[in-house]
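Student: Submitted below is the structure of interest, expressed as structure tokens.
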Amino acid sequence: MARTTIVHELIAAADEGRSPQFAIRNTVRLGKLTPLVVGLDNGNDAVKMAVLQPNGVLITLRIPTAYREAAVIRGGDGEVSYTINGTTFWIGEVALRHDGDALPIGPTRQRLIDSRLRSLIAASIGELLVQAGYAPGEHTIVLGFSIPNNEIVPLRGDEGEDRLGVDPETRAVLETHVKGATWSITRTDANGIAQAWSIHIAAVLPQAQTAGTVICTTKAPNGATVTDIEEMDVIDIGGGDLQHTQVKISPYQMINWRLGDGTIRVARGLGERFAPRLALNDVAAQQVLITRRMLVSGKWRDSSPAVRDVLNSQGQAIIAAVLDVLRQSKRFVVITGGGAILLHDLLIARLEAEAKRRGEDYELINHDIASMLNAIGALFAVIFRAAGKKS
Amino acid sequence: MGRTTTKGIRLTPAELHRAARLRDFFPEVGEEAELHKLVFLRGLLLLEAEVAGAGGGTPPGISEAELGTIVLPRILAVLQLLGRLGKIPPLLGAGDWSPPSLEQRLDAPLEQVDGAIDATAAQDIERIGSDFL
């Protein structure tokens, strides 16, 4: 793989223990506006987001898709809470700590009609801006929005040409609930200090989730295609879905198949082990897979042995589903998604057994990058696409 | 909520203006009366903590530990102001109490960067089905 792609900077930064940085502007020009660019991967298990600081430093954030209306805490430290339209709520790990709800999974058109998910998305974007050091107040955003691969479909253009585009039902729900939305958010931190944020979504660029990975692995930060690879297979082991995408680079073409469930099958296996004593919803179980610990009778317990067991069973089932792709020699293989981190050792063992060479035959995206690539790619997709829009 | 009683107090225009200014920080507060109730309760909490600190006991049903826990976040917020003014005595420790600014969080200088984008990039994005709604 060429050394100047976006993913190479991400890996180099992770290896050197620094934040990745790109010589790219954090805003784009859309008509008379210069909105801030945010990439967002609306995953079933977590919202993943990316934004650039003014100096090009990339900030990413992952928030589990859990929601709970906030209660008054009588003692101890407060929790970070958000208020939108008079409802105060917790999200992510805070919500999980207080037995929050895992929000429904499914296609975008079903998920976005749930106001809790929309509030979670709004609060998550606000939290991303906080983490990136942006000041409270009004922010105009253009949102790169990752959607399931199967929601990018063949369409007929205005002049009768065949082209790819967003599924009409997905488009409708994004236009109704996201594009043009203005979210007024009060963020109250653990010390009770409140800040007011107003986030306006000026424009939305939906794209297939795996397209983010393709962009990051084939393009330089300035948008030039710099890889010498002509064809590749991308295996995206996500929280909800296991996706296989065949990609041609010049010109860009993508064909996608959903092979089955993603790491949620491993998470559910873990949940079944502890039921009925512990009731772990899907998002909570996914968090246990990542953190390797769980709260039992008021104490944090190491759950590594249980996680290892379910990985050896359910994880092997995921690898079996993609074995044909791993074995073929015609195309370069990129393995990414949160599941690539979870199943790293099992994948490496299988690839070595197939005599595959890392860097030559495949790349296994590691560190914490694998779960963020689609969101990072969505951010760059906005920057690249906006460059082609006439002012 | 239990039975409530209306009590009137006289406030100057300046005091009303100071209270009204706080509304921006509590958008979930609706009417002016709700804002004034918030101001009253926060002040009551602080006074109760002052009295407890001076050995005057706590309101019925609340222990010193509970009162201390509830008032702590308010005190921490005030300490941020005092810290910036250099008013924290050595007993409480020295250090920068101000929240980290964007500049302090950065690994590199804050200069806005502005790189040119390759002419083929926009078309590649459109080709894989992605365009602005």
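Student: Somewhere in region A:222-234, is a residue crowded, with 24+ Cβ neighbours inside 10 Å, modelled with pLDDT of 90 or more and within 26 Å of residue A:283 (Cα to Cα)? Full working, then the answer.
Tutor: Filtering region A:222-234 for residues crowded, with 24+ Cβ neighbours inside 10 Å gives A:223, A:234.
Pick out the ones that are also modelled with pLDDT of 90 or more and you get A:223, A:234.
After this cut, where a residue has to be within 26 Å of residue A:283 (Cα to Cα) as well, the list is A:234.
Looking for residues that are crowded, with 24+ Cβ neighbours inside 10 Å, modelled with pLDDT of 90 or more and within 26 Å of residue A:283 (Cα to Cα), one finds at least one in region A:222-234, hence yes.
Student: Return the pair list, or none, for Cβ contacts closer than 6 Å from residues in region A:105-122 that are crowded, with 21+ Cβ neighbours inside 10 Å to residues that are among the polar types (S, T, N, Q), at least 6 apart or on different chains.
Tutor: Within 6 Å, the pairs are A:108/A:170.
Student: For region A:133-163, enumerate the residues that are over 22 Å from the mean Cα position of the chain (by Cα), in a strand (DSSP E or B) and within 10 Å of chain B (Cβ to nearest Cβ).
Tutor: Listed by number, the residues that qualify are A:154, A:155, A:163.
Student: For region A:346-391, give me the residue count where each residue is farther than 18 Å from residue A:243 by Cβ and either aromatic (Phe, Trp, Tyr) or not in a helix (DSSP H, G or I) (or both).
Tutor: Selection size over region A:346-391: 17.
Student: Let me ask something else about it. Check off (1) more than 8 Å from every other protein chain (Cβ to nearest Cβ); (2) surrounded by fewer than 20 Cβ atoms within 10 Å (Cβ to Cβ) for residue A:175 and give me the number that stays unchecked.
Tutor: So residue A:175 meets the others, but not (1).
Student: What are the residues in region B:16-35 that are part of a helix (DSSP H, G or I) and either among the basic types (Lys, Arg) or at the interface with chain A (Cβ under 8 Å from one of its Cβ atoms) (or both), if any?
Tutor: Going residue by residue through region B:16-35, those that are part of a helix (DSSP H, G or I) are B:16-25, B:32-35.
Of everything in region B:16-35, those that are part of a helix (DSSP H, G or I) and either among the basic types (Lys, Arg) or at the interface with chain A (Cβ under 8 Å from one of its Cβ atoms) (or both) turn out to be B:18, B:21, B:23, B:24, B:25.
Student: Looking at A:33, A:40, which is the one that is surrounded by fewer than 20 Cβ atoms within 10 Å (Cβ to Cβ), within 14 Å of chain B (Cβ to nearest Cβ) and touching a residue at least 40 places away in the same chain (Cβ under 8 Å)? Walk me through how you get there before you give the answer.
Tutor: On the way: A:40 fails: surrounded by fewer than 20 Cβ atoms within 10 Å (Cβ to Cβ).
Answer to the check: A:33.
Student: Could you tell me whether any residue of region A:152-163 is over 23 Å from residue A:380 (Cβ atoms) and either touching a residue at least 40 places away in the same chain (Cβ under 8 Å) or surrounded by 22 or more Cβ atoms within 10 Å (Cβ to Cβ) (or both)?
Tutor: No, region A:152-163 contains no residue that is over 23 Å from residue A:380 (Cβ atoms) and either touching a residue at least 40 places away in the same chain (Cβ under 8 Å) or surrounded by 22 or more Cβ atoms within 10 Å (Cβ to Cβ) (or both).
Student: For region B:31-83, which positions are within 19 Å of residue B:7 (Cα to Cα), in contact with a Lys or Arg (Cβ under 9 Å, 6 or more places away or on another chain) and acidic (Asp, Glu)?
Tutor: B:32
Student: Could you tell me whether region A:359-368 includes any residue that is closer than 30 Å to residue A:28 by Cβ, more than 14 Å from every other protein chain (Cβ to nearest Cβ) and buried (at least 18 other Cβ atoms within 10 Å of the Cβ)? Walk me through how you get there before you give the answer.
Tutor: Kept after step one, since they are closer than 30 Å to residue A:28 by Cβ, are these residues of region A:359-368: A:363, A:365, A:367-368.
Cutting the leftovers down to more than 14 Å from every other protein chain (Cβ to nearest Cβ) gives us A:363, A:365, A:367-368.
Pick out the ones that are also buried (at least 18 other Cβ atoms within 10 Å of the Cβ) and you get A:363, A:365.
Looking for residues that are closer than 30 Å to residue A:28 by Cβ, more than 14 Å from every other protein chain (Cβ to nearest Cβ) and buried (at least 18 other Cβ atoms within 10 Å of the Cβ), one finds at least one in region A:359-368, hence yes.
Student: Quick test of your reading of the structure: residue A:13 fulfils all but one of (1) within 11 Å of chain B (Cβ to nearest Cβ); (2) under 20 Å from residue A:122 (Cβ atoms); (3) among the small types (Gly, Ala, Ser). Name the failing condition by number.
Tutor: Just one mismatch for residue A:13, condition (2).
Student: Which ones in region B:36-48 are within 14 Å of chain A (Cβ to nearest Cβ) and farther than 23 Å from residue A:184 by Cα? Please lay out each step first, then the result.
Tutor: Step one: filter region B:36-48 for residues within 14 Å of chain A (Cβ to nearest Cβ), giving B:38, B:41-42, B:45-46.
Across region B:36-48, the qualifying residues are B:41, B:42, B:45, B:46.
The values are calculated or read from the model by the stated rules, or taken from the named source; none is laboratory data. Keep in mind the model is a prediction, meaning the values are calculated, not measured. Cβ sites come from the backbone with ideal geometry, for glycine too, and all protein chains shown count toward neighbours.
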